[in-house]
1. Name the single residue, out of those in region 262-306 being of a type in the set (D, E, K, R) and either assigned to a loop (DSSP other than H, G, I, E, B) or touching a Cys at 6+ places or on another chain (Cβ under 7 Å) (or both), that is surrounded by the most Cβ atoms within 10 Å (Cβ to Cβ).
2. Looking only at region 18-70, filter to residues that are assigned to a loop (DSSP other than H, G, I, E, B) and among the charged types (D, E, K, R); which one of those is modelled with the lowest pLDDT?
3. If I filter region 220-236 down to residues being outside any helix (DSSP H, G or I) and more than 16 Å from PRO295 (Cα to Cα), which single residue comes out as nearest to the chain's Cα centre (by Cα)?
4. Taking only pairs six or more apart or across chains, which ones have beta-carbon atoms under 6 Å, a first residue in region 307-330 that is modelled with pLDDT of 95 or more and part of a loop (DSSP other than H, G, I, E, B), and a second residue that is among the small types (Gly, Ala, Ser) and open to solvent by 20 Å² or more (accessible area, probe 1.4 Å)?
5. If the Cβ limit is 8 Å and pairs must be 6+ apart or interchain, which residue in region 87-104 that is open to solvent by less than 30 Å² (accessible area, probe 1.4 Å) pairs with which residue that is of a type in the set (Lys, Arg)?
6. Filter region 5-30 for residues that are over 14 Å from TYR47 (Cα atoms), open to solvent by 30 Å² or more (accessible area, probe 1.4 Å) and not small (Gly, Ala, Ser) and give the result.
7. Does ALA342 satisfy being crowded, with 17+ Cβ neighbours inside 10 Å and under 24 Å from the mean Cα position of the chain (by Cα)?
Amino acid sequence: MHTINVEIGSQKVGVLYFEKEKNQYGFNYIQNYKPISLIMPYKNSSYMWKNKLHPIFDMNMPEGYLFELFKQYLTKEYGYIDDFLIFSHICPNIQSRITYKSNIDKKSFFALDIDEILAHDTYDTFTKIVTTFLDFNAISGVQPKSLAILNDKESLSTKEYIIKTWGEEYPELALNEYFCLKAVENACVKIPNIKLSKNNKFLLVERFNYDKKTKSFLGFEEILTLLGKNKDEKYSGSYEQIARVIFTICTDKQEAMRNFFTVTVMNYLLKNGDAHLKNFGVLYDDDFSNIVYAPAYDIVCTAAYVYKDRPALSMFGKKIWFGKKELIRFGVESCYLNKTGALNIFEICIKSLKQSIEKLEKYIQTHPNFKEIGQKIVDIWKLSLDEKSYKELPDEIIRNWT
């Protein structure tokens with residue numbers, strides 16, 4: 001039987017184990033210290049999970065680009081691949097409220113210079129980053145990305161960043177996400193600290209699970225985890241489900257619901273068709289006394305690439321681009337806002353969208369490389385200004401691009 005020790009602080013709280021013959025995972029608490037997850041309180045018996053890691057652990061598993069790298073690397077070394085093997089390699093290097101000890105030693109990583117990364121955003125630089133920090137990459141998501149420890153000379157600090165890039169399939173994805181996140185921030189929702197590289201090939205996103213005041217890691221859980229689901233179920237859910245989880249768990253319920261409703265409205269206005277259950281989460285302190293809605297992250301105008309894209313999650317049982325009427329109804333019925341409050345938030349979002357369109361149009365004028373994708377985003381966002389519902393993007397808009 002393969003095992004991994006699970007710790008909080010310096011305290012060993014439990015053991016994760018894998019029964020390979022049965023293809024099942026188990027977790028046992030060894031002391032009633034602190035829960036490892038909001039949905040896994042202390043109990044004497046085992047938490048069993050068939051075929052997959054428990055959601056709190058699965059949350060850190062690589063997907064897409066990074067998974068393929070691990071698959072190639074570990075299969076070559078061991079002759080096989082499974083989730084426990086991958087997790088055994090990355091978990092000792094995870095920096096979070098929960099820490100781990102496996103049969104793989106924790107590695108030492110040297111910090112790269114953030115100014116060098118921002119200035120030299122080439123394929124070779126990204127390859128160097130991934131190679132350097134491969135066993136550090138406890139992050140999910142399909143697009144090419146990597147965790148990295150970067151040294152910021154200006155602030156005299158070392159910070160953990162997610163570095164995202166893009167390939168030919170999704171050109172200018174870094175700029176796309178940058179403008180979308182800034183639009184959400186302009187609608188009064190907190191986002192992570194983000195930086196664009198010199199040639200817009202990289203988007204650097206600072207990790208937000210560290211409390212600089214207490215110098216300790218905050219707990220973070222995705223809504224997917226809180227629903228007891230794994231990564232292959234991230235599209236099987238609804239905005240109503242998320243609202244119920246946030247309202248039930250967060251301590252300042254009104255603030256959490258306002259932030260969640262704002263992000264939801266912006267996802268629809270920005271046409272973010274990949275807002276799935278892994279892209280919403282909560283942060284909490286070590287004793288669970290303060291549980292808050294996490295900063296908004298992973299927001300992109302996907303319709304600029306997938307013209308017939310629709311929302312990843314359902315609302316009112318449908319996956320269509322709802323407009324003002326339905327979104328206000330959602331705010332009242334599922335987010336516990338009064339109609340005036342929901343309307344005010346919607347108007348803030350529309351104002352932010354208008355300002356974002358203006359910024360994007362000005363940017364396109366001086367950055368011709370972004371014109372093709374940028375103009376598509378502008379057209380899509382202008383469509384949202386009419387505040388109507390659409391099953392998908394109208395054919396007349398798409399014809400203008402082809």
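1. Here the answer is LYS271.
2. Within region 18-70, the match that is modelled with the lowest pLDDT is GLU63.
3. LYS234
4. Short answer, once both residue conditions are applied: PHE322/SER389; GLY323/SER389.
5. Here the result reads PRO92/LYS101; PRO92/LYS106; PRO92/LYS107; ASN93/LYS106; ASN93/LYS107, each pair linking region 87-104 to a residue that is of a type in the set (Lys, Arg).
6. ASN5, GLN11, LYS12, LYS20, GLU21, LYS22, ASN23
7. No: the conditions fail for ALA342.
Per-residue answers, yes or no, for (1) more than 25 Å from VAL282 (Cβ to Cβ); (2) surrounded by fewer than 17 Cβ atoms within 10 Å (Cβ to Cβ):
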| position | (1), (2) |
| --- | --- |
| MET40 | no, no |
| ASP58 | no, no |
| PHE70 | yes, no |
| LEU74 | yes, no |
| TYR78 | yes, yes |
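The values are calculated or read from the model by the stated rules, or taken from the named source; none is laboratory data. As the structure is a prediction and not an experimental result, all values here were calculated from the model. All Cβ positions, even for glycine, are placed from backbone atoms using ideal geometry, and neighbour counts span all protein chains on display. Side chains are part of the model used for accessible areas, which takes the heavy atoms of the whole protein and leaves out ligands, DNA and RNA. Shrake-Rupley method; radii C 1.70, N 1.55, O 1.52, S 1.80 Å.
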